[in-house]
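**Student:** After the structure tokens below, expect a handful of questions from me.
Every number here is computed from the coordinates shown, using simple stated rules; none is lab data. Remember, predicted model here, so these are calculated numbers, not experimental data. So basically every Cβ, Gly included, is an ideal-geometry build from the backbone, and we count neighbours across all protein chains shown.
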Amino acid sequence: MTVLPSSSLQAAAPWLRADWRPDSGQVLAVRGGRPLEGVYPISGAKNAILPLMISALLTPHLVTLRNVPASLDVAVLSALLRRLGTEMHWSTTASGLSVTLSADRLQPGSIDGELVSRMRASVLLLGALLARCGEARLPMPGGDAIGLRGIDFHLAGLRAMGAEIELASGLIEARAPQGLKGAEILLPLPSVGATENLMLAAVAASGTTVIRNAAREPEIVDLAHCLGAMGAKIVGAGSHVLTIEGGAALTGAVHDVVPDRIELGTLACVAAVTDGEILLRHGRAAHLGAALSAFQAAGVDLCEEADGLRARRSADGLTGIDVVTQPYPGFATDLQAPTMALLTLAKGASAITETLFEQRFLHVGELRRMGADIAVHGRTARVRGVAGLHGATVACTDVRAAAALVIAGLAADGETVLTGLDHLDRGYDRIVDKLAACGADIVRR
């Protein structure tokens with residue numbers, strides 16, 4: 001049995017305590033009008049850390065993840081993994097938060113429904129538990145209210161690998177009595193979650209699995225790197241075809257989480273709307289995909305430096321652009337809301353078309369409260385730039401909407417008060433403290 005040393009959790013990440021719960025009465029007050037300057041460290045990717053933590057369930061050996069974002073999603077998943085018998089040791093280093101996970105006493109029992117309802121990525125437990133234990137019982141996952149993100153692709157792929165799955169009374173009950181077997185799987189759409197779930201299952205399946213029309217996001221590549229360090233054989237990460245040779249005995253590994261490209265894009269918008277200049281330490285321009293050229297066309301200067309990207313507004317100011325969200329390397333849906341906040345202050349008109357999620361314009365009404373000129377027609381939002389925004393009380397409706405309202409508040413006249421901060425905390429590591437260090441007038445109260 002592996003026994004991990006006990007460790008007190010750091011003050012910088014209070015929500016990693018097992019007994020922590022968000023304060024529903026807390027709000028965020030932002031007073032705009034200040035150009036932000038300084039260094040903003042980009043954290044490990046919110047969209048990468050969750051499947052990486054779940055990958056530790058595939059082995060009885062220690063898996064250490066470094067550059068872990070101290071986010072509420074990490075706290076929720078930590079609680080889920082502890083319920084399954086996983087031990088964790090947290091520590092901080094000069095490079096940030098680290099966690100070592102030990103799943104040598106994994107118990108694939110019933111999983112807490114309240115925790116699952118708060119995080120959609122919990123569905124990734126299916127692939128890992130089926131691979132390691134041959135069974136899984138999971139409530140239907142929750143997450144942001146941004147659309148009908150079904151899990152049919154996940155289930156069809158797992159069934160193709162030999163899993164028997166039943167859906168009843170809000171539960172997913174899955175078994176693989178003969179073990180999982182390699183299969184040829186064609187995803188109808190390049191779903192990130194389905195690709196990750198099938199990767200986790202396939203590395204322990206017998207035989208070869210080929211996933212066609214696989215997602216290509218940097219977070220997929222990062223998961224493949226971590227699984228490879230554990231001994232898995234994966235070819236094609238970052239392309240539309242993933243080939244996985246299953247059955248290898250997985251060992252422990254040490255892995256650095258890839259920097260968060262969505263936080264990078266969000267803070268590029270912050271620098272531009274406040275007419276400041278921020279060094280986005282650890283940021284990687286190549287991970288932005290189509291968003292990089294879109295930002296540049298809109299008047300966001302991004303200059304690569306040795307330790308990151310320097311972001312500022314171009315000398316010609318902000319200009320309206322047209323954006324269509326697409327799977328990577330297209331324009332990320334997770335940058336749609338932050339970009340909309342940026343374009344509310346751009347010269348001329350912009351059109352933002354959301355192709356991936358049908359309810360991802362909930363932030364439009366909140367931006368209108370602040371003086372934005374936005375009209376929604378189906379899945380397209382038409383934005384006419386205004387001379388300025390004004391402070392208001394607004395509600396965060398999902399993770400990226402929360403970021404958009406922070407951006408708008410930093411640019412607006414007067415005070416903006418944000419409610420629903422659990423959404424902000426789910427996706428951003430210490431964003432309030434890091435913005436304040438760059439000169440923002442921003443405080444929780």
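**Student:** Quick one: the Cα spread of segment 171-230 along its three principal axes, in angstroms, biggest first?
**Tutor:** 34, 29, 25
**Student:** Now, a different point. When only alpha-carbon atoms count, how far does the chain stretch along each of its three principal axes, as whole angstroms with the largest first?
**Tutor:** The Cα atoms of the chain stretch 65, 46, 45 Å along the principal axes, largest first.
**Student:** Separate question: Percent relative contact order of the chain, based on C-alpha pairs within less than 8 angstrom and at least six residues apart?
**Tutor:** On the way: 1119 pairs, mean separation 88.5, N = 445.
So the answer I get is 20 percent.
**Student:** Once the piece of chain linking Glu37 and Ala375 is laid out straight, how much longer is it, given 0.36 nm per residue of separation minus the C-alpha distance between them?
**Tutor:** Values: separation 338, 0.36 × 338 = 121.68 nm, distance 3.26 nm.
Result for the pair: 118.4 nm of gain on full extension.
**Student:** Neighbouring Cβ atoms within 10 Å as the yardstick, rank Ile151, Ile442 fewest first.
**Tutor:** Fewest-to-most ranking of Ile151, Ile442: Ile151, Ile442.
**Student:** Of Ala168, Gln296, Gly371, whose Cα points farthest to the positive end of the dipole of the chain (charges on the beta-carbon: +1 Lys, Arg; -1 Asp, Glu; origin at the Cα centre)?
**Tutor:** Of the candidates, Ala168 comes out farthest on the positive side.
**Student:** Dipole of the chain, Cα-centred, from +1 at each Lys and Arg C-beta and -1 at each Asp and Glu C-beta, to the nearest 20 debye? Don't skip to the answer; put the middle values down first.
**Tutor:** Numbers: 39 positive and 44 negative charges, 41 e Å.
In total the dipole reaches around 200 debye.
**Student:** Using a Förster radius of 25 Å, what is the FRET efficiency between Leu171 and Ser206 based on their Cβ-Cβ separation? Nearest 0.05, please.
**Tutor:** The value I calculate is 0.35.
**Student:** When Lys46, Lys434 are ordered from fewest to most other Cβ atoms inside 10 Å of their Cβ, what list results? Could you put the intermediate results ahead of the total?
**Tutor:** On the way: Lys46 24, Lys434 21.
Ranking Lys46, Lys434 by Cβ neighbours within 10 Å, fewest first, gives Lys434, Lys46.
**Student:** Using 1/(1 + (r/R0)^6) with R0 = 30 angstrom and r between the beta carbons of Ala29 and Glu114, what's the FRET efficiency to the nearest 0.05?
**Tutor:** Using R0 = 30 Å, I get an efficiency of 0.50.
**Student:** Further question: For the ranges 196-209, 234-247, what's the packing order if you count other beta-carbon atoms within 10 Å of each residue, average per peptide, and put the highest first?
**Tutor:** Values: 196-209: 25.0, 234-247: 17.9.
In descending order of packing, they fall as 196-209, 234-247.
**Student:** Quick one: order Ile374, Ile185 by neighbouring beta-carbon count within 10 Å, fewest to most. Can you show the working numbers first?
**Tutor:** Working: Ile374 20, Ile185 23.
With the sparsest Cβ surroundings first, the list reads Ile374, Ile185.
**Student:** Calculated FRET efficiency, Ala156 and Asp433, Cβ-Cβ r, R0 30 Å, to nearest 0.05?
**Tutor:** 0.10
**Student:** Test of understanding: what is the full-extension gain from Ala387 to Glu305, defined as 0.36 nm times their sequence separation minus their Cα-Cα distance?
**Tutor:** Working: separation 82, 0.36 × 82 = 29.52 nm, distance 3.22 nm.
Result for the pair: 26.3 nm of gain on full extension.
**Student:** Right, here's the next one. Hey, which lysines would be in cross-link range of Lys46, C-alpha to C-alpha under 17 Å, not counting anything within fewer than 8 residues on its own chain?
**Tutor:** Lys434
**Student:** Taking the Cα atoms only, what angle lies between the long axis of helix 72-83 and the longest principal axis of the chain, rounded to 10 degrees?
**Tutor:** It works out to around 20 degrees.
**Student:** Under the Kirkwood approximation applied to all pairs of distinct alpha-carbon atoms, what is the hydrodynamic radius of segment 224-300 in Å? Don't jump to the answer; show the numbers that get you there.
**Tutor:** Working: mean 1/r = 0.0659 Å⁻¹.
For segment 224-300, inverting the mean 1/r across all distinct Cα pairs yields 15.2 Å.
**Student:** Let me ask something additional. Before anything else, pin down the relative contact order of segment 329-421: Cα pairs under 8 Å, at least 6 apart, normalised by residue count, whole percent.
**Tutor:** Numbers: 169 pairs, mean separation 29.7, N = 93.
Result for segment 329-421 is 32 percent.
**Student:** Now for a different question. Could you give the length gained by full extension between Thr355 and Arg105, i.e. 0.36 nm per residue of separation minus their alpha carbon distance, to one decimal place? Walk me through the numbers on the way to the answer.
**Tutor:** Details: separation 250, 0.36 × 250 = 90.00 nm, distance 4.25 nm.
Additional length available on full extension: 85.7 nm.
**Student:** If N is the number of residues in segment 46-256, what value comes out of its Cα radius of gyration divided by 2.2 N^0.38 Å?
**Tutor:** Working: Rg = 15.5 Å, N = 211, 2.2 N^0.38 = 16.8 Å.
So the Cα radius of gyration is 0.92 times the expected 2.2 N^0.38 Å.
**Student:** To the nearest 10 degrees, how steeply does helix 192-202 sit against the main Cα axis of the chain, on a 0 to 90 scale?
**Tutor:** Tilt relative to the chain: about 20 degrees.
**Student:** Give me the three principal axis extents of segment 357-445 from the C-alpha atoms, as integers in angstrom, largest value leading.
**Tutor:** Here the spans come out as 38, 29, 19 Å, largest first.
**Student:** Find, to one decimal place in angstroms, the Kirkwood hydrodynamic radius of segment 317-367, where the mean of 1/r is taken over every pair of different Cα atoms and then inverted. Provide the component values of the computation, followed by the final result.
**Tutor:** Working: mean 1/r = 0.0881 Å⁻¹.
Its Kirkwood hydrodynamic radius stands at 11.4 Å.
**Student:** Helix 399-411 versus the longest principal axis of the chain: what is the Cα-based angle in degrees, 0 to 90, to the nearest 10?
**Tutor:** Result, in degrees: 20.
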